Amino acid sequence: MLYNRHVKFRKFNEGKLVLRVAMDARKEVNDRKITEKQEGPYQIRKVLGKGAYKLQTLDGKKVPTAWNVIHLKKFYD
């Protein structure tokens, strides 16, 4: 279990603001320097468990799919 020793587990509560990893930035290796690496901020709408979250935009529009914690980062004002 040495590989888990340095892993920092992240957990978000409902209402917290997060950034989402931009999927376009992950696909296009050559264009990473000119594309945004994160999108957002988004608000945690619902905690589904096992690291899955439902998101919504700041104006209340629901994001259709659930997102795993590995694709989310804490948003700092």
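The values are calculated or read from the model by the stated rules, or taken from the named source; none is laboratory data. Please read all numbers here as calculations on a predicted model, not as lab measurements. Virtual Cβ from ideal backbone geometry, glycine too; neighbours counted across all protein chains shown. We work out accessible area using only protein heavy atoms, side chains counted, and drop any ligands, DNA or RNA first. Shrake-Rupley method; radii C 1.70, N 1.55, O 1.52, S 1.80 Å.
When the residues of the stretch 48-61 are filtered to those that are in a strand (DSSP E or B) and farther than 18 Å from Val21 by Cα, the one that is least open to solvent (accessible area, probe 1.4 Å) is Gly49.
Of everything in the stretch 62-77 that is more than 21 Å from Lys8 (Cα to Cα) and open to solvent by 60 Å² or more (accessible area, probe 1.4 Å), the residue that is modelled with the lowest pLDDT is Asp77.
Close Cβ contacts (under 6 Å, 6 or more residues apart or on different chains) running from residues in the stretch 62-77 that are free of Cβ contacts under 8 Å to residues at least 24 places away in the same chain to residues that are assigned to a strand (DSSP E or B) and open to solvent by 60 Å² or more (accessible area, probe 1.4 Å) comprise Ala66/Leu48.
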